[in-house]
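Taking it in order: structure first as structure tokens, then the write-up.
Read the figures in this text as sums done on the coordinates, not as results from a lab. Bear in mind the structure is a predicted one, so any value in this text is a computation, not a measurement. Cβ atoms come from the backbone with ideal geometry, glycine included; neighbour counts cover every protein chain shown.
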Amino acid sequence: MSELAVNSHQSDPVKRARLRWRARRGLLENDLILTRFLDANEQFMTDEEVDAFSRLMELSDNLLMDLIMGKQEPSAEVDLPQVHALLARLRAA
């Protein structure tokens, strides 16, 4: 098994648990959307998608909700193709 595979999100239960913990938000709507998304998709997420998700978790609850609802588009450090793709999936969920 390659070192990359060993260090991947999917192969590390601690990383998976940490991602779920970070998805718990103060804004109930965000919490519900993110938890349901992870329930349905987390086991299939690539490391690139996990990185995009982690970047979104760095944002404030209000900005995150605006991004999920399509009221704003990603800017600055989250204006990345993988973040746009993940937001499209979140919006469709």
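Only Cα pairs under 8 Å and 6+ residues apart enter the sum, and on that basis the relative contact order of region 3-92 stands at 27 percent. Working from label points 7 Å from Cα in the Cα-to-Cβ sense, the R55 to M69 distance is 2.3 nm. The stretch between L80 and R24, if pulled fully straight at 0.36 nm per residue, gains 17.9 nm over its current Cα-Cα span.
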